[in-house]
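The values are calculated or read from the model by the stated rules, or taken from the named source; none is laboratory data. Note that the coordinates shown come from a computational prediction; the quantities given were computed from them, not determined experimentally. Cβ placement follows ideal geometry from the backbone for every residue including glycine, while neighbour counts extend to all protein chains displayed.
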Amino acid sequence: MVKNKSNRTSKLKKDGSLVPSGKDQAPVDDPAHRDIPAAPHTLQTNGHSQLGFPDKVYTLASAIFQNNHLEKPSAQRVVNYGKKRGLPLPKVKDAELQRAAYELAFNTLKYQELLEDIMIDSRFYLGLPIPEDEMGLVAVMLYDFQDRKFLPREHIGEGEIIQDVRDVENLLFRFKTKLAASLARCRIKHNLLSIECILPESVKTKQERSSSLPLYTWVNTLKTSIDEVQCVLRSAGFLQVKSIEQLEGQTFCKDPHCGDILVFPTQLKAQLSSTKLLSDHKLIIQDKSCSLGPNAVCSVLPEDGDVLMVGCFSGLSVSHTASLIAEKQANATNLPTVYVCVSDCTDSQREDLQRVVSAMGCKSKHKLDVSMIL
């Protein structure tokens, strides 16, 4: 399926490449205009896959960026992103792609000023008739483009085709030499050993703190047991230690406050994925703050008591509550029920909630149209 939301006037050459219309068209990156030889200098950040992302990741990232970008005073503003704020976020069901989109948007926000300097210095922004409302998409795709060392995106034909993404991608690729040269000039101008040095100290401090935070997970006892998960981890080469302070290398430990939580060093997510514990929904990554409520409720729940959840919560929190109850009341004749009020949820939100709890192994049924019983 092809989505075409672009109002930009353009025409195609015989070879299929996009050529912007307009008399003031800036010279594009072809052999006749390569007057600035420059090797690509990329932002040295926590790089994701060098293959790029499906089109829908860029549209989600651009909407997040559009809703949160820094808007400069009009006297200092050169790059305009239009007046739209509070855009609805495109729906992306895949959790990994969602995380990739948020990470891409976050990195673009961090380097917004630098990316704008590159667009201006290379004459990409001033020389092309790009609608202001699409500049958010340009920003996130430019960040990803330089992160791939200005190489073409691979697996471009996979997934849904979104024409606006393809148009912007073509324009960026045709300007790749000038964009790379502008990035190199920015590094020289600011005398930077690393592009990260351009970030404010407060941002760098937050990055250092976030990189040192442990990775919290909880064991889904609806599908497995804590002992089984620990056995799988040990067979995969993980070493269990006694405290969070001892986490180093390929290690894990139990949380001192919540018995079903296992803690890992933050860089071990890829190794965890290789065990299939995450893909099989036996081990769930979630911040510890989200696990305190379910654990507190379960600790005071009587044998014949039920749980009523009202307010803002995720499908993971519902599933975690059900998992803890199932483990605690494993030998009970009648398991307690988790009642979830969904009267304020849209149909889409209810479907998402149903999808998550079903994937986690919860059995559910609907009661009327204002509540869901798990």
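Tell me yes or no: at least one residue of segment 196-207 is closer than 20 Å to Glu113 by Cβ, surrounded by fewer than 15 Cβ atoms within 10 Å (Cβ to Cβ) and hydrophobic (A, V, I, L, M, F, W, C).
The answer is yes, given that some residue of segment 196-207 is closer than 20 Å to Glu113 by Cβ, surrounded by fewer than 15 Cβ atoms within 10 Å (Cβ to Cβ) and hydrophobic (A, V, I, L, M, F, W, C).
Being in contact with a Gly (Cβ under 9 Å, 6 or more places away or on another chain) and loosely packed, with under 12 Cβ neighbours inside 10 Å is the filter here; which residues of segment 304-343 pass it?
Across segment 304-343, there are no qualifying residues.
Take Val300 and decide whether it is without any contact (Cβ under 8 Å) to a residue 24 or more places away in the chain, aliphatic (A, V, I, L, M) and out of contact with any helix residue (DSSP H, G or I) (no Cβ under 8 Å at 6 or more places or on another chain).
Numbers: without any contact (Cβ under 8 Å) to a residue 24 or more places away in the chain: yes; aliphatic (A, V, I, L, M): yes; out of contact with any helix residue (DSSP H, G or I) (no Cβ under 8 Å at 6 or more places or on another chain): yes.
Answer is yes for this residue.
Residues are listed down the side, and each one gets a yes or a no for (1) out of contact with any Phe, Trp or Tyr (no Cβ under 9 Å at 6 or more places or on another chain); (2) β-branched (Val, Ile, Thr); (3) assigned to a helix (DSSP H, G or I); (4) not assigned by TED's automatic domain parsing to the domain that holds Met141:
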{"position": "Val78", "(1), (2), (3), (4)": "no, yes, no, no"}
{"position": "Tyr81", "(1), (2), (3), (4)": "no, no, no, no"}
{"position": "Leu87", "(1), (2), (3), (4)": "yes, no, no, no"}
{"position": "Val92", "(1), (2), (3), (4)": "yes, yes, no, no"}
{"position": "Glu96", "(1), (2), (3), (4)": "yes, no, yes, no"}
{"position": "Arg99", "(1), (2), (3), (4)": "yes, no, yes, no"}
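Is it the case that some residue within segment 131-152 is in contact with a strand residue (DSSP E or B) (Cβ under 9 Å, 6 or more places away or on another chain) and buried (at least 18 other Cβ atoms within 10 Å of the Cβ)? Please lay out each step first, then the result.
So the first thing to find is which residues in segment 131-152 are in contact with a strand residue (DSSP E or B) (Cβ under 9 Å, 6 or more places away or on another chain), and the list is none.
Within segment 131-152 (the criterion being in contact with a strand residue (DSSP E or B) (Cβ under 9 Å, 6 or more places away or on another chain) and buried (at least 18 other Cβ atoms within 10 Å of the Cβ)), the answer is no, since none of the residues qualifies.
Output the qualifying pairs, or none if there are none: Cβ atoms under 6 angstrom, residues six or more apart or on different chains, first residue in segment 57-82 and without any contact (Cβ under 8 Å) to a residue 60 or more places away in the chain, second residue exposed (fewer than 14 other Cβ atoms within 10 Å of the Cβ) and in a helix (DSSP H, G or I).
Asn80/Glu132; Gly82/Glu132
In segment 59-82, which residues are modelled with pLDDT under 85 and in contact with a Pro (Cβ under 8 Å, 6 or more places away or on another chain)?
Listed by number, the list holds a single entry, Gly82.
Please note which strands (runs of 3 or more DSSP E) are completely contained in segment 282-351 and include at least 3 residues that are of a type in the set (A, V, I, L, M).
Details: elements: 283-285, 307-309, 338-341.
Per the criteria, 283-285, 307-309.
Restricting the search to segment 133-166, which residues are more than 19 Å from the chain's Cα centre (by Cα) and under 19 Å from Asn80 (Cα atoms)?
Asp133, Glu134, Met135, Asp164 - these are the residues of segment 133-166 that are more than 19 Å from the chain's Cα centre (by Cα) and under 19 Å from Asn80 (Cα atoms).
Would a scan of segment 162-178 turn up a residue that is out of contact with any helix residue (DSSP H, G or I) (no Cβ under 7 Å at 6 or more places or on another chain), exposed (fewer than 15 other Cβ atoms within 10 Å of the Cβ) and either farther than 24 Å from Asn67 by Cβ or not hydrophobic (A, V, I, L, M, F, W, C) (or both)?
For segment 162-178, residues out of contact with any helix residue (DSSP H, G or I) (no Cβ under 7 Å at 6 or more places or on another chain), exposed (fewer than 15 other Cβ atoms within 10 Å of the Cβ) and either farther than 24 Å from Asn67 by Cβ or not hydrophobic (A, V, I, L, M, F, W, C) (or both): present.
Within segment 83-102, restricting attention to residues that are at pLDDT 85 or above and among the charged types (D, E, K, R), which residue is farthest from the chain's Cα centre (by Cα)?
Per the stated criteria, the residue is Lys91.
Please pick out the residue among Ser319, Ser274 that is within 26 Å of the chain's Cα centre (by Cα) and not assigned by TED's automatic domain parsing to the domain that holds Gly249. Please lay out each step first, then the result.
Details: Ser274 fails: not assigned by TED's automatic domain parsing to the domain that holds Gly249.
After applying the criteria, what remains is Ser319.
Which of the residues that make up segment 69-86 are within 14 Å of Gly136 (Cβ to Cβ) and loosely packed, with under 15 Cβ neighbours inside 10 Å?
Selection gives Leu70, Glu71, Asn80, Gly82, Lys83, Lys84, Arg85, Gly86.
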